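Taking it in order: structure first as structure tokens, then the write-up.
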Number of protein chains: 2
Amino acid sequence: MFGGFGMRGFQVYPVEGLPLISCGDDLAGLTVEALEKLGLPLREGDIIVYSSKLVSKAEGRIVDIRGVEASRRAKVLAAGLGRPAGFIQLVLDESVEVLGIWDGLLIVLDKRGMVCVNAGVDKSNVEGEYSYSLLPEDPYGSAEELLRRLREASGITRLGVVLADSATRPFRKGMIHYALACAGLRSLWDYRGSSDIYGRTLRFKVSSTADMLACAAGLVMGEASEKVGAALIRGLGNLTTEDEECEKLTVDGWQDIYHGVFQPHHRRREAPSDGSPKPISPSPPKIPGERG
Amino acid sequence: MFGGFGMRGFQVYPVEGLPLISCGDDLAGLTVEALEKLGLPLREGDIIVYSSKLVSKAEGRIVDIRGVEASRRAKVLAAGLGRPAGFIQLVLDESVEVLGIWDGLLIVLDKRGMVCVNAGVDKSNVEGEYSYSLLPEDPYGSAEELLRRLREASGITRLGVVLADSATRPFRKGMIHYALACAGLRSLWDYRGSSDIYGRTLRFKVSSTADMLACAAGLVMGEASEKVGAALIRGLGNLTTEDEECEKLTVDGWQDIYHGVFQPHHRRREAPSDGSPKPISPSPPKIPGERG
């Protein structure tokens with residue numbers, strides 16, 4: 001039967017026993033060893049979800065902001081936001097554009113094509129008072145490389161890899177995990193053209209399986225001092241593929257159904273509408289010290 | 001140790017064998033029976049994730065649009081969008097405000113406080129050519145009632161319930177499941193004040209566990225003809241509580257970090273920016289037949 005990716009159910013295990021990762025470490029090899037010690041050696045169809053932070057550490061994407069030269073723009077923003085100028089410079093370097101500012105957070109279009117907070121520049125679980133982690137430079141490339149190394153180290157061919165990060169979302173409380181990148185996976189499951197229970201053809205539904213895998217893993221990985229930076233998902237082998245490369249989950253450009261939605265509403269809150277849309281002239285996002 | 005909700009891992013099972021649900025059915029009782037037949041009787045700490053559609057059916061939230069009287073506004077919108085006027089009327093009835101329109105979809109603030117497409121009015125897996133399902137009127141109330149009935153029918157006290165639906169997201173491909181409502185759960189896990197590996201205090205991180213549970217379940221539920229409208233999640237009992245009521249996941253009002261972000265960028269695409277925000281006067285979302 002089509003769909004229902006794990007019709008017998010699946011299991012999610014924390015990959016415990018990984019050491020703290022440093023630049024140059026063989027993350028895939030360490031994963032294979034840790035799983036063997038846990039009595040969970042890799043099997044065909046297994047999916048490994050990594051915290052993107054582990055990958056950043058293995059790739060040396062940790063920066064001491066004391067060595068970062070800040071531009072005038074970064075300094076002005078930093079003064080307004082009460083954050084270190086070197087940190088702001090890192091965020092700007094990782095971004096294509098600043099889309100908005102809220103309570104000290106920069107909401108940006110990052111250079112990997114995501115709309116996110118602070119371009120993923122983050123301090124938690126990074127050693128050193130002045131050190132911050134950056135997201136992997138090429139996350140899909142990193143996922144593919146991890147997949148190749150996992151195959152080599154384990155002798156298992158059919159595996160999936162997801163790099164997971166946590167993110168806020170518009171109009172929802174709390175953060176969830178999402179797939180920053182993946183490899184060896186059917187990252188999107190296209191239901192279009194298949195039938196529902198009553199034989200009606202589905203016209204719109206495409207599921208982001210990679211994002212849901214990241215969320216499932218997020219429930220065992222934690223965000224604090226758990227030292228669980230990876231999870232094994234077993235039982236969803238029909239989501240894995242022979243290919244390394246898989247479909248990307250970012251929306252290219254701004255061909256998005258939500259564009260144009262948020263700002264007009266925000267303005268309408270101040271001038272209550274009678275229910276029908278009206279022309280609106282919003283002010284730009286307020287950026288302290290920036291010229292309009 | 002704090003956090004890492006399922007440190008020994010967890011399991012997700014499709015609840016197979018549920019009958020097609022009709023108005024008035026005892027969904028909780030049927031769930032307990034189905035799980036017993038599957039050899040998976042409920043245990044303390046189990047979490048049941050239901051497709052919100054099953055709950056809508058059990059609550060009789062299925063409407064034949066031929067009996068819906070359409071307002072002039074609905075008729076005008078329907079003509080412009082090429083959709084039945086009765087359907088548009090249902091969406092308007094379920095909404096507080098239309099925020100935008102894209103390719104025949106209405107993006108609305110729905111009366112339950114969510115920003116979503118078509119206010120959740122949906123045709124898939126609903127019997128009858130003219131029948132559509134509406135989301136439960138009071139999803140948190142529905143989740144709490146399901147929890148009470150599950151407790152009665154099983155004799156198990158500590159259980160969690162999530163009502164899951166699938167949704168599109170800004171700037172991401174594909175849909176993921178999210179928690180429309182929940183009961184008996186620590187729906188948000190607050191890391192603020194706890195420490196990372198290096199003893200640094202986390203200041204921002206709150207995880208939406210209910211949404212991640214919905215995603216984990218989404219991997220076994222499918223969207224087409226799988227007839228799996230519920231999932232059992234076992235091994236995350238520390239997310240369950242004695243209370244029925246749990247914290248809601250919608251953001252009240254527009255106190256959201258992303259407000260003001262989307263529309264200005266969309267406009268900037270047409271007038272490329274030099275990197276610094278500028279005042280912008282966007283036109284309103286285009287609604288065929290509506291007067292500005």
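No lab work stands behind these numbers, since they all come straight from the coordinates. Since the model is a prediction, treat every value here as computed from it, not as a measurement. With ideal geometry, Cβ positions are generated from the backbone for all residues, glycine too; neighbour counts draw on all protein chains shown.
Some observations on this one:
- Considering only alpha-carbon pairs that sit under 8 angstrom and 6 or more positions apart, the relative contact order computed for the stretch B:73-133 is 22 percent.
- Magnitude of the charge dipole, the stretch B:73-133, Cβ model with Lys/Arg +1 and Asp/Glu -1, debye to 20: 180
- Gain in span if fully extended, B:ASN238 to B:ALA79, counting 0.36 nm per residue against the direct Cα distance: 52.1 nm
- Each of A:VAL68, A:LEU54, A:LEU35 was scored by the projection of its Cα onto the charge dipole of the stretch A:1-109, and the greatest displacement toward the positive side belongs to A:VAL68; charges sit on the C-beta of Lys, Arg, Asp and Glu.
- Pairwise FRET efficiency - B:ARG148 versus A:SER131, Cβ, R0 = 41 Å, nearest 0.05: 0.25
- Shown for B:ASP93, A:ASP103, A:ASP243: other C-beta atoms within 10 Å of each C-beta, ranked fewest to most, produce the order A:ASP103, A:ASP243, B:ASP93.
- Förster-model FRET efficiency, 45 Å R0, B:ARG43 and A:ASP138, C-beta, rounded to 0.05: 0.55
- Each of A:MET114, B:MET221, A:MET175 was scored by other Cβ atoms within 10 Å of its Cβ. Listed from fewest to most, they are A:MET114, A:MET175, B:MET221.
- Inter-site label distance for A:ASP103 and B:ARG192 at 7 Å from Cα along Cβ, in nm: 0.6
- Inter-label distance, nm, simple model (7 Å from Cα along the C-beta direction), B:ARG200/A:ASP93: 1.6
- Label-point distances for B:ARG8 to the equivalent site in the other copies, using a point 7 angstrom along Cα→C-beta, read 2.3 nm when ranked shortest first.
- Simple spin-label estimate for B:ARG72 and A:SER71 in nanometres, 7 Å along Cα-Cβ: 5.3
- Distance between the stretch B:8-28 and the stretch B:68-144 - C-alpha centres, whole angstrom: 26
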